[in-house]
Amino acid sequence: MRTTLWVTLLLTASCTTGIRREIPQAIWEPIFFKTIDSTVAGAKMQELREKRLARSDLEVRVWAGFGRSCLEGLVIQREAGSWRAYHVQQMGESREVQPFRSWKEVWNDLVALGILSLPDSSALPNGRNIYDGISYVVEYQTKG
């Protein structure tokens, strides 16, 4: 009995990923992510929704464009304690960028300003679609 309980607990613990996905069920999501996924593939990056990060790692991607303008993104990553960021363009171009301060300071400022709690546009009152404007999408993954 004790062995069975131990094996059951071990199997249950090994199957738990701890990942909570919040993907908006809004009309814009499949439209925008088609462009995001294409851009990410062109830059030889992995889709953030499918990426598996280590417990201490994080990644945030801020995308701007859609409409009539080309998509651009800023990708900020912390991997094994090291910070990096990339400017990604719709044509599949990607280049590392440097901040005036450290990326850790930039990240702390973004968190303090509420980047992790931005509401989906469908949750805002008087939401409108503007077809010739610029839209923004923020996606992030963090475990710690």
Notebook entry, point to check: Just checking, how many residues over segment 77-106 are polar (S, T, N, Q), exposed (fewer than 13 other Cβ atoms within 10 Å of the Cβ) and closer than 20 Å to Val40 by Cβ?
Noted result: 0
Notebook entry, point to check: Got a sec? Which strands (runs of 3 or more DSSP E) wholly within segment 55-144 have at least 2 residues that are among the hydrophobic types (A, V, I, L, M, F, W, C)?
Noted result: 58-65, 72-79, 82-89, 135-142
Margin query: Within segment 123-144, take every residue that is of a type in the set (Val, Ile, Thr) and more than 13 Å from Arg49 (Cα to Cα) and give me the one that is modelled with the lowest pLDDT.
Written below: Ile130
Checklist line | Output for segment 39-64, where each listed residue is within 17 Å of Leu74 (Cα to Cα), over 15 Å from the mean Cα position of the chain (by Cα) and loosely packed, with under 13 Cβ neighbours inside 10 Å | finding: Lys44
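Collect the residues in segment 100-114 that are out of contact with any strand residue (DSSP E or B) (no Cβ under 6 Å at 6 or more places or on another chain), touching a residue at least 24 places away in the same chain (Cβ under 8 Å) and either within 15 Å of Glu139 (Cβ to Cβ) or not β-branched (Val, Ile, Thr) (or both), keeping them in residue-number order. It would help to see each step written out before you state the result.
If we filter segment 100-114 for residues that are out of contact with any strand residue (DSSP E or B) (no Cβ under 6 Å at 6 or more places or on another chain), which is where we start, we get 100-102, 105-114.
Now restrict to residues that are touching a residue at least 24 places away in the same chain (Cβ under 8 Å): 106-107, 110.
Trp107, Leu110 - these are the residues of segment 100-114 that are out of contact with any strand residue (DSSP E or B) (no Cβ under 6 Å at 6 or more places or on another chain), touching a residue at least 24 places away in the same chain (Cβ under 8 Å) and either within 15 Å of Glu139 (Cβ to Cβ) or not β-branched (Val, Ile, Thr) (or both).
Here's a check for you: in segment 103-122, which residue that is of a type in the set (Gly, Ala, Ser) and at pLDDT below 95 is farthest from Arg61 (Cα to Cα)?
Across segment 103-122, the extreme among qualifying residues is Ser122.
The values are calculated or read from the model by the stated rules, or taken from the named source; none is laboratory data. Because the structure is predicted, anything quoted here is derived from the model rather than measured. Cβ atoms come from the backbone with ideal geometry, glycine included; neighbour counts cover every protein chain shown.
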